[in-house]
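Structure, as structure tokens:
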Amino acid sequence: MIKLDAIDLKILSTLQSEGRMTKVKLAEAVNLSVSPCWERLRRLEREGVISGYKAEISLDKLVKTSTIWVEISLKRHQREDFEVFESQIAEIPEILECWAIGGTIDYLMRVLTADLDAYQTLMEQLLAADIGIDRYITCAVTKRVKKIGNLPLASLMRDQ
């Protein structure tokens, strides 16, 4: 684990809220001069703590979509079965996230498609590809209640 101090955490928290701020504004926000702030930022990037910068797109302003959570169970549970499934779904852009789950299911996926028909077509293609899916359960999102927020760095790092 990488050790971070209070200033590192403040830099990360600040950038989560406003990733496009200038070096000068970031330094002011964390109460450092520009050069030491920039050195800390570069170190956080080099060490992989900051893995990238992206634009947050309000997709609802552009197009109507359907978000679907899908529980997946595989037919078999050998290492090769998981590898085949994971390598295939990694190539599908509509699958935004996929998590391996311990318990009653094998995977939980978040899928984004134009509509439910497009989702069903995608699932039929996955089944036809014979990548080991035994069964799947679909949960269509009807309303977003909370948007993905900033990571709760202060509470997560409190005991580190």
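Miscellaneous remarks
- For the residue pairs Lys54/Lys147; Lys25/Lys61; Lys75/Lys143, alpha carbon separations beyond 22 Å are given by Lys25/Lys61; Lys75/Lys143.
- Label positions at Val24 and Glu45, each projected 7 Å from the Cα along the C-beta direction, are separated by 1.9 nm.
- From the C-alpha gyration tensor of the stretch 78-129, square roots of 5λ in Å: 20, 13, 10
- Whole-Hz Karplus values for the stretch 146-153 come out as 9, 7, 4, x, 6, 5, x, 4 Hz, taken residue by residue from phi with 6.51 cos²θ - 1.76 cosθ + 1.60 and θ = phi - 60°; glycine and proline positions read x.
- The stretch 22-65-the stretch 88-160 distance, computed between alpha-carbon centres (Å): 27
- Neighbour net charge for Thr104 - beta-carbon separation under 14 angstrom, K R +1, D E -1: -2
- Packing-based ranking of 116-126, 86-96 yields 116-126, 86-96, ordered from highest to lowest mean Cβ neighbour count within 10 Å.
- Estimated FRET transfer efficiency when R0 is 25 angstrom, pair His77-Leu127 (beta carbons, to 0.05): 0.85
- Restriction of the chymotrypsin sites (Phe, Trp or Tyr not before Pro) in the stretch 48-97 to DSSP coil positions whose beta-carbon has at most 13 other beta-carbons within 10 angstrom yields Tyr53.
- Among the GluC sites (Glu not before Pro) found in the stretch 1-74, those both in a DSSP coil and sparsely packed, with 16 or fewer other Cβ atoms within 10 Å of their Cβ, are Glu18, Glu47, Glu56.
- Identified option (computed Cα extents along the principal axes in Å; candidates [x] 39, 33, 31; [y] 58, 40, 25; [z] 42, 36, 24): [y]
All of the numbers you see were taken from the coordinates with simple rules; none came from a lab. Computed from a predicted model, the values in this text were never measured in an experiment. Here Cβ is always computed from backbone atoms with ideal geometry, including for glycine, and neighbour counts include all displayed protein chains.
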